[in-house]
Structures are given as structure tokens and as C-alpha cells.
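Below: one structure, written as C-alpha cells.
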């Protein structure tokens, strides 16, 4: 019996020491400059944005755009294949992000058309035959779904790289909500929010294209040599206003190289000492680029960023693996642009849905008031328990302190984030958590009143209340779980605190508290209980 | 020290009075919500909130309103302008209902306009301390999710209690919890607190707390049913409520103490949260004593009477004895 108690005491003590070391000691060490081993520092309780200050952004990936790009590419490939096969059709038009429409297929070429169309599209698109040589091609639902998912994943990874390049410490970039196309970006300590937002959402689709005509002041001038019409395999692109160029260029639709062929991009200067972006290409990119430049010496090469010509330079000789984007840029623009190019293009544009910016001073205020409320709450509850339950109140207070230490330790250990609502959960865990002790003590009092011995009363008190405790804790866990599901950021922190507080409360109020009773009463067999 | 020496109140005697009182509060609350509306926090309504901190003694709110009105005609009048945090913090919260274009970087346009308007009007040197901008789509989405989370957690609790106890208890517990939700909403409407994410979190916590309270009483009822088979449910419930009374009051007391600490010292952000908790703890305690137990007794009595009526010939009316609802074991 005695040995049993010693083991229980040791277990309780070990639990306390471990959780104290993980959850409480690092905070004290930081505050009072005590030595802190690195393996402990690594597990520290993290502070949420609402306490630390920073910006919280929710953005939506416009996945329709990614699908539209793919549908456009597919329809262009079909056009190319038909031309190669010598079949001329009336028109090929993209009707929606997931479908395109073909008209005027000659009746005698119908069989050849369907064979080529199936070749080009059948894995991804369903073909519907209409009247009079018209066809509708619609992306298969599972293909569309996969593509949307890929677009969101790719966007998340790109944002992740960009944020890392920005040098933000401990950012959080994750999928958000149930709609599967929203991304949450949390940047602690960022003050230039406008710049961060701009860098994150820049689509950065880079294409290098051979210029067929231009630059020209107006579109009419540009198309003079082409009878006023844009040839099928070419397109008109305007110069970039940011680079101070408003003229028009007629370029080939097919790009010589794209952003995917980039190996690196960095800020540099051009021959006039103006800021510029220097880039280098991958082996495959260099091969394509060398071929395209070698065949087009003397022509202009347009560097197209997000469908705007940011610069166009004469190709003097075959270029293999390096190039430069010039224009009237500021140093900041060049730094940001090379960052964006380095980190890859976004598959689709992003829309900001929500922005929450917490200044460092507001965060500090929240910490201060949260800590004050916790201390006042603790004092009130402890004072009440001691006055009402006398010496047994000490037992309850020890259990309460255990509970809080385990709560902090577990949160630190699993890497949970402490938010202001989390602190509220902490305070409530104290106030509502002592309920377990109140229930047990109340039962012990009843048993004592029913003329049982102290030891039997304590045993009966604990064992009879255990089922009740289990029921109340499970019911609370149910509502906390739904809260966790529903919430984000701060609310999640709150739900997390509640859940962990409930679990550790069950342990401290039954095991720890009972062990204490047994240990104290072990020596004095029939002492009256101070309760 | 003991507050209650196991009292002997006839709590159930007051059940119809209690139910009436609750209806009065709930209906008054619904009327208040219907006429004045429930103020929604910016997370739910969408909009722009800017918190500015002044370096010196800040101007009167009317000065800020005029400054906004001058640069953003029409919007200054509709803006909510409040002191934020303690006096010494010298902060104002300015809230305008809409955001900039949702597309792209324009989201923060409105916030920038507010700051510019104040700078232009020369109201004293200040700096923006924080902004919160919520596009309309997010607000809608959150509203839906908030309702869903509340309903699902109620259903979860109903199922759990029905599984652990019996159905009439589950009905009592859920009616009590829905009652607490409605009363809490009524008080939010009376005191004009914004319904924010934090408040929803507090409401869900109250759901858990109120159910806890109810479960403790029901647990005692279940235990007493085993020991007191001769007595009827009415007496058993009354005795159980009395036996758990000491615990009920003390727990409500400590919970209230901690919620009060949050209300007084937790700062501006937690104000609505702490208020909701305080209301919820009071109504949750009240409802587990007066509503949950009463509904369980009423439900079971009715159910038994219905059972009798269908078992016997429908013409003979069953004796109406809420006080003596048979002796079947309830567990």
C-alpha cells in the first residue's frame, strides 16, 4: 500500500517536472536570463499573430484562370495539328474555362477531324457532336478537379518560397477553409504589408518571344503590313507601363522560353548603370533559347512579363543561357522582380479576401492584459478554494497548478500557438476546472456526513464522482472539437487550450489530487479531514 | 465553511414560473434583435476596421467623424468611431462598413483612405496600430460556419447524453442548452455587443459549460433512481438538485470569478467574449436547475401518459399526475 503511494507520488512529480521544464521554464528563463538549453528552447510555446503583431491574409486562388490557360493551350494545339493535316475549320473558340467550341468542320473531313481531335484531347476533354459540323469540347470533371487542386498546391508552394525569400521568420502558409481554393498567409512581424502583398500576388508569368513587327505607337500602324489583321499564330502585346513603354508589339504566340526554363534571377545593372534583372536558364531552356536566337539574329526579342512587354532588345548574336531584363526600374522593383522570378510563377492570379494587421503595440497590450487577467483569475480562484475548503483547498490548488503546468507544457510540446483567446481559455480552465475538485470534495463531505471514516469517504468520493467527471469532460470535449473545426487562428488556439485543459484536468483532479490525499493521510490513520 | 447544508427546496414547483420567465427574456431578446438587429462584428459583416493610436491626447470622436466626412462624403456619418482600450492607450477604433474592391491589392484601399482622411484633417499626430479588413464573401462563409458549428455541437451533445442517459434527459439537456443560447443572444442584443468570432467561441464554451452543469445533476438523478426506486421521478429530481446545489453554486462562483477577471482585465479584444461568458455561466447554471431537470420530468410524464393512453382505450383519460409519474426504472 505504502509502496503504491510512493510510486504514484513519484509519477506525479515526474509529470510535473517534465511539463514544467517544457512549458514554464523557457518563459521564466527568457524573462530572468537563466540558462536555457537549446533543445528546450526549440520546443517553446509559440505566440499567435494577435499577440506578436504581424499580418494575417486570406487569399483565393482563381483556379478558373489556370483551367482557362490549359483549355486555350489545348485548343491552340488542336488548331496547329489540324493545320498540319491540311484541314481548315471555320473557327475554334474558347467558350469557358473548361470548354471550347469548334465550328465549320467540312463534311468530307469529318472523320479525319475526329481522329485528330481525339488524338489531341481525348484524355482530358469530352467531345460532343453538334449539328452542321460543330463540336463542343468540355474538360472532364475529374481532370478539372485535379487541375484545380494542383493550381492551389502550386500557388501555396510559390507563396511559401516567396515569403521565405522575403526573410519572414516563422511564417504560416496553409490551405484555408473548406472551399479548397483559399490560402492563409500569416506573416509575424511584417510591417511593410503593401509590399509583402504585392510580392505574394504577382503572377510573374515570364515569356520571351520573338517580335515580328513593332514597336508601333498604335495598333493600326503595327498591323499595316498584315492587312490590318493579326495573323493566327501571332498576338499583339502592349508595353509595360511600369517600364515606361506604351507602344504595341506583334509577337509570335509560341514563346521561345518561359519562366519555367529559368534557373536563377538576380538584381544587376545594365550597360547604362540602371537597375536591371539578370537571369540564367536551365540546360533545356538554354538549348531552346540558343536555337530561337540563332535563327532570328537581327530581330527584336520581347521579354514579356504578365502579358506586358517589359523590354525588347535586338538579338545581336546567338544567346545561350543568360539574359537581362532592362527598363526604367527602381532598385526596389528590380529586387522584388528577381525575387518573384526566382521563386517561380503562380499558376493563376490571387484575390485577397481578408487582411488582419496587428501592430506590435496592440499585441503587447493584449499580452499584458491577458497576463493580468490570468493572475487575477488565479488569485481569486485560489483564494476562494482555500477559504472554502481549508486544508483540502490546498490540495485543490496544487491540482490546479499541476493542471496549468501540464497545459502549458503540452501546448509547447505539440507546438500549439498561444493566442489571446487561448489565454482566455487558460483563465476559464482555472475557473471551470476546479469544478472537478468541487464535485469530489462535495461528495467526500456527503460521505463524511454519512458517518464513514475519512479514508473510506475519500475513496468513495473519488470513485463515485469519476463517471460524472468522465461525462462532463466528454460533453465539453464535443463542443470544443466543433469549435476547433470551425475556427481559425486565434479561435483554434482557444479550442486547443480548452481541449488540452480538459484532458489534463481529468488527470490532475483524479490521480494527482487523490495521491496527495493518500500521501498526507497515510501517516495519520484516523485524522479528521479539513474540508 | 458550508454555504448549503443540503437544502430542501422544492425546485420543480417553480418549473412553470421559470419556463415563463425564460420565455419573457427570450421573446424580449428576439424582439430586440428583430427591431434593432444584432450588431455583427467585422468578421461576419465584412468591412474595414482601423485602430489608430494618437501620440498626444486624442481629439473628440466628432472631430474624427468630421475629418472622415470631409474626405469620404457619406461614409463619415455611417462610420463607427469608438475609444479603444483604456483611456491611457489613446486609441480609437474606426469602422466603415465596406472594403475597397475585393480584387487584388485593392482590399486595403478603404483603410488607406481612412488614414489619409485623418492625416489631411490634421487631427493630431497618430499612427495606425492595426487594421482588419474582411471581404463580403468571407463574412458570409463565416456566418454559415458559425451556425453549423453551433448546431453540430448541440446535436453531438444530444447524442452523447441520449447514449449515456435516457432520451428524456437528452431532451432536457438540449432544451436547456438552446435556452442558454437564446438568452445569451438576448443579452448580447440588450447590451449591444458585436457578434464576433470570439463571442461565438464563448457561446460554444457556454454550451459545454451548461451541459456540464446539467450532466452533474442528471448523474445524481441516475444514481438516486437506483437507490430510491420507491419514490417518483419528481421527488428524485428534486432531491438530486438539492444534493448537488452546493457544488452548482460553488462551480458557478469560481467560473464567474475567472470570467469576471477576463471582463475587467482581459482588455478590449476579450470584452465581448467575457461578457458572453458571464451571461452564459449565469443562465447555464439557472437552466440546469430550473429548465433541464424540469423538461426531463415534464417530457417523461407526458411520454408515459401518451404511452398509457395508447395502451388503454383512447377514451379513458389517464390520470393527470405530474407528481406521480409511475415507478418504472429510469435507467
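Key figures
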quantity	calculated
Conditions (1) surrounded by fewer than 17 Cβ atoms within 10 Å (Cβ to Cβ); (2) facing chain B (nearest Cβ under 8 Å); (3) out of contact with any helix residue (DSSP H, G or I) (no Cβ under 8 Å at 6 or more places or on another chain): number failed by residue A:372	(3)
Positions within segment A:157-192 being within 14 Å of another protein chain (Cβ to nearest Cβ) and modelled with pLDDT under 85, in sequence order	A:176, A:177, A:178, A:179, A:180, A:189, A:190, A:191, A:192
Within segment B:254-267, tally of residues that are within 7 Å of another protein chain (Cβ to nearest Cβ) and in a helix (DSSP H, G or I)	8
Test: residue in segment B:268-280 that is in contact with a strand residue (DSSP E or B) (Cβ under 6 Å, 6 or more places away or on another chain) and either within 11 Å of chain A (Cβ to nearest Cβ) or in contact (Cβ under 8 Å) with a residue 60 or more places away in the chain (or both)	yes
Some residue of segment A:89-109 being exposed (fewer than 15 other Cβ atoms within 10 Å of the Cβ) and within 30 Å of residue A:199 (Cα to Cα)	yes
Scan of segment A:157-201 for residues that are over 15 Å from residue A:56 (Cβ atoms), part of a helix (DSSP H, G or I), touching a residue at least 60 places away in the same chain (Cβ under 8 Å) and in contact with a strand residue (DSSP E or B) (Cβ under 6 Å, 6 or more places away or on another chain), ordered by number	A:201
Single unsatisfied condition, residue A:347 versus (1) closer than 23 Å to residue A:212 by Cα; (2) in a loop (DSSP other than H, G, I, E, B)	(1)
Spans of strands (runs of 3 or more DSSP E) in segment A:28-124 with at least 1 residues on the phi > 0 side of the Ramachandran plot	A:54-61
Criterion: part of a helix (DSSP H, G or I) and facing chain B (nearest Cβ under 10 Å) - qualifying residue of A:477, A:521	A:477
Hits in segment A:237-278 (condition: over 16 Å from residue A:205 (Cβ atoms), touching a helix residue (DSSP H, G or I) at 6+ places or on another chain (Cβ under 6 Å) and without any contact (Cβ under 8 Å) to a residue 40 or more places away in the chain)	A:248, A:250
Flag if residue A:507 is at pLDDT 90 or above, assigned to a helix (DSSP H, G or I) and closer than 20 Å to residue A:396 by Cβ	yes
Criterion: on the phi < 0 side of the Ramachandran plot, free of Cβ contacts under 8 Å to residues at least 40 places away in the same chain, in a helix (DSSP H, G or I) and within 11 Å of chain A (Cβ to nearest Cβ) - qualifying residue of B:203, B:161, B:147, B:217	B:147
Residues of segment A:413-431 satisfying the condition of being within 21 Å of the chain's Cα centre (by Cα) and more than 9 Å from every other protein chain (Cβ to nearest Cβ)	A:414, A:415, A:416, A:417, A:418, A:419, A:422
Condition check for residue A:349: surrounded by fewer than 22 Cβ atoms within 10 Å (Cβ to Cβ) and at pLDDT below 85	yes
Helices (runs of 4 or more DSSP H) contained in segment B:27-143 and holding at least 1 residues surrounded by fewer than 18 Cβ atoms within 10 Å (Cβ to Cβ)	B:61-71, B:75-78, B:109-121
Positions within segment B:112-140 being farther than 14 Å from residue B:41 by Cα, within 11 Å of chain A (Cβ to nearest Cβ) and modelled with pLDDT under 85, in sequence order	B:112, B:137
Residue A:394 facing another protein chain (nearest Cβ under 7 Å), assigned to a helix (DSSP H, G or I) and either farther than 18 Å from residue A:417 by Cα or in contact with a helix residue (DSSP H, G or I) (Cβ under 7 Å, 6 or more places away or on another chain) (or both)	no
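The values are calculated or read from the model by the stated rules, or taken from the named source; none is laboratory data. Bear in mind that the values here come from a model prediction, so they are computed numbers and not experimental data. Heads up, the Cβs are rebuilt from the backbone with ideal geometry, glycines too, and the neighbour counts pull from every protein chain shown.
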